[in-house]
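One structure below.
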Amino acid sequence: MGFKIPSFNDVKKTVTNTVNDAKNTVVNTAKDVKNTVVDTAKDVKKNVIDTSKDTFEVVKHNPVTDTLKKAVTDPKDLVRDTFQTGLRVAYHGANSLLPNGAADKLVNVAEHGVDALAKTSEILTGNSSLTDSLKTLGKVDLEGITRTTDPKTGQKLEGDWPKLWGTWLLEEKPKDLGTWDKTADGTDRVTVRDNAYTRDLAGRPHQQQVTEEFFKMYPNPKPGDVFPPENATPEQKDKALYRFTGPGTDEANKKDPYTSLEWFIGSYNTKVKCTGIDEKTGKPNLEYEVVNNSHFESGTRVPATFQEKGLPPALVQDRKREQGLGVGGDWIQRYTWTSNGVDNPNK
């Protein structure tokens, strides 16, 4: 096949045709774009006119407008919001920056710090009473606050109990925790639906003990049977109560060491109710309920030895949420779960 070199005229003709085609394409495209822009502009204008009222409502309620309104009408709310926002950023930011296991190490460091302070306090102050108090504080098993495995029973906690401290402190209402409402006196309450927390509670030795007491009172339970009963004796009430005690927080307590669950809930009552009889096994279905109130007086309770030296029973008084700076307000957790076809542990 022969090879032909194109002449200048051939090249000129091709270039001219290409330019003309390009010119026509650009012109046609420009017309299309113009038409599209004009049509769109009409639509936009129409939409703006149609939605101007909605837009005004949005602007009226934007964060800047709301903040300005608070600053003018209720500066206390503005201060509280600013403080809460800053605290949340600091709290959650610090948690996200800490590597896994860092909280355990920090608590351990705190324990050693208190021990060292107790040893040097008398030398620095000459106050043996202060030294004794610090020695008592230095014996507290702070590592229990983050302990997720019971060294005695081997139970591994599923719920993030240390996280609930933040829920209390920051006055948050996480929806994934459960259903929120208010009690008659206006206290925030959540009925916990996260099974991780209820399974943890169901697995604690105290629940086994309460179950035994239930069957002692009702060897053949019927729907509606409750322990402790309405007319419970002091002894029966005591059986339903789990006590979180000062001596129990001692590092030397190897018998029943506390986990992060006990450190958060503290002392609590368990109510057991027969809700029916399992059709397959003929054994009772039991509903368990634990109600816990998290508040400042509980969280800042002063040991008896400190109270004897003149300190109040609690360092900070209770308060409702959204009061003052909006930190650490009262909130109630209600944990409920059901066990079907429960065996009588006393047989």
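The values are calculated or read from the model by the stated rules, or taken from the named source; none is laboratory data. Please read all numbers here as calculations on a predicted model, not as lab measurements. Every residue, glycine among them, receives a Cβ derived from its backbone with ideal geometry; neighbour counts consider all protein chains shown. With ligands, DNA and RNA removed, areas are computed over all heavy atoms of the protein, side chains included. Shrake-Rupley method; radii C 1.70, N 1.55, O 1.52, S 1.80 Å.
A few remarks follow.
- Within segment 183-194, the only residue that satisfies the criterion of being open to solvent by 60 Å² or more (accessible area, probe 1.4 Å) and in contact with a Gly (Cβ under 9 Å, 6 or more places away or on another chain) is 193.
- In segment 219-231, the residues that are closer than 12 Å to residue 271 by Cβ form Cβ pairs under 8 Å with partners that are at pLDDT 95 or above and among the hydroxyl-bearing types (Ser, Thr, Tyr), at six or more places apart or across chains, as follows: 225/218; 227/218.
- Scan of segment 310-342 for residues that are over 20 Å from the mean Cα position of the chain (by Cα) and at pLDDT 90 or above, ordered by number: 338, 339, 340, 341, 342
- Qualifying residue in segment 281-288 (condition: of a type in the set (S, T, N, Q) and touching a helix residue (DSSP H, G or I) at 6+ places or on another chain (Cβ under 8 Å)): no
- Counted residues, segment 141-182 - those being more than 18 Å from the chain's Cα centre (by Cα), surrounded by fewer than 17 Cβ atoms within 10 Å (Cβ to Cβ) and not polar (S, T, N, Q): 4
- Among the conditions (1) touching a strand residue (DSSP E or B) at 6+ places or on another chain (Cβ under 8 Å); (2) touching a residue at least 24 places away in the same chain (Cβ under 8 Å), residue 200 misses just one, which is (1).
- For segment 282-308, the set of residues classified as at pLDDT below 70, of a type outside the set (A, V, I, L, M, F, W, C) and more than 20 Å from the chain's Cα centre (by Cα) consists of 301, 303, 305, 307, listed by residue number.
- Residues that are open to solvent by less than 60 Å² (accessible area, probe 1.4 Å), part of a strand (DSSP E or B) and under 22 Å from residue 189 (Cβ atoms) within segment 241-293 comprise 241, 242, 268, 270, 272, 288, 289, 290, 292, listed in sequence order.
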